[in-house]
1. Looking at region 109-135, which of its residues are closer than 15 Å to ASP83 by Cβ and hydrophobic (A, V, I, L, M, F, W, C)?
2. Please go through region 102-138 and pick out each residue that is among the aliphatic types (A, V, I, L, M) and over 23 Å from LEU53 (Cβ atoms).
3. Among (1) modelled with pLDDT under 80; (2) within 25 Å of GLU75 (Cβ to Cβ), where does LYS2 come up short?
4. Looking at region 47-68, is at least one residue touching a residue at least 40 places away in the same chain (Cβ under 8 Å), under 21 Å from ALA137 (Cα atoms), out of contact with any helix residue (DSSP H, G or I) (no Cβ under 6 Å at 6 or more places or on another chain) and of a type in the set (S, T, N, Q)?
5. Looking at (1) polar (S, T, N, Q); (2) more than 14 Å from LEU138 (Cα to Cα); (3) modelled with pLDDT under 90; (4) touching a Gly at 6+ places or on another chain (Cβ under 9 Å), which is the only condition SER8 fails?
6. Which numbered condition trips up ARG104, out of (1) charged (D, E, K, R); (2) farther than 22 Å from GLY13 by Cα; (3) in contact (Cβ under 8 Å) with a residue 24 or more places away in the chain?
7. Checking ASP33 against (1) within 18 Å of the chain's Cα centre (by Cα); (2) on the phi < 0 side of the Ramachandran plot: exactly one of these is not met. Which one?
8. Mind checking which residues of region 14-48 are surrounded by fewer than 13 Cβ atoms within 10 Å (Cβ to Cβ), farther than 22 Å from MET70 by Cβ and at pLDDT below 85?
Amino acid sequence: MKPESSMSTITRGDPANLANVRRTVYHHYIRVDNPGSLIFLSGQLSRDAEGKLVGPGDMAEQTRQCIRNMRSVLEAAGGTLEDIVSIVVYTTDVRQFKEIVSARTEFFTTKLPTSTIVEVNHLADPGLLIEFQAIAAL
């Protein structure tokens, strides 16, 4: 694939010999040459600006709030969601994968990050269903 133009040279791709069954949410690799800056995001939860849980019992809405929070963090650091090169998703119920993917595609449409999803027994507080951790390259 052709590198993107930015301070960093970022190439996103998928080897021909590996299937990518969810082309709408990830790439198999991202190569970052000469990164201008790397931004490491702490785990983002489904909480609003006052710290209140958003979307109790609703995986899709909690996913959206986590991504909105990532967007806010990145904007404060001088980036955008398109700068994310890697995401790790922690969820208490991987069976709701379709809801997670559906909500993610509302935010990630062209510059897709690498992605890993991990099911965990529970998160920091009761009621939390999902948490996103990310790395961005500017």
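1. Answer for region 109-135, where residues must be closer than 15 Å to ASP83 by Cβ and hydrophobic (A, V, I, L, M, F, W, C): LEU112, PHE132, ALA134, ILE135.
2. First, pick out the residues of region 102-138 that are among the aliphatic types (A, V, I, L, M): 103, 112, 117-118, 120, 123-124, 128-130, 134-138.
Hits for region 102-138 are LEU112, ILE135, ALA136, ALA137, LEU138.
3. (2)
4. No - not one qualifying residue is present in region 47-68.
5. Just one mismatch for SER8, condition (2).
6. (2)
7. Checking ASP33 against (1) within 18 Å of the chain's Cα centre (by Cα); (2) on the phi < 0 side of the Ramachandran plot, the one that fails is (1).
8. Of everything in region 14-48, those that are surrounded by fewer than 13 Cβ atoms within 10 Å (Cβ to Cβ), farther than 22 Å from MET70 by Cβ and at pLDDT below 85 turn out to be PRO15, ALA16, ASN17, LEU18, ALA19, VAL21, ASN34.
The values are calculated or read from the model by the stated rules, or taken from the named source; none is laboratory data. Keep in mind that what you see is a predicted model, and the values were worked out from it rather than measured. Cβ: placed from backbone, ideal geometry, glycine included. Neighbour counts: every protein chain shown.
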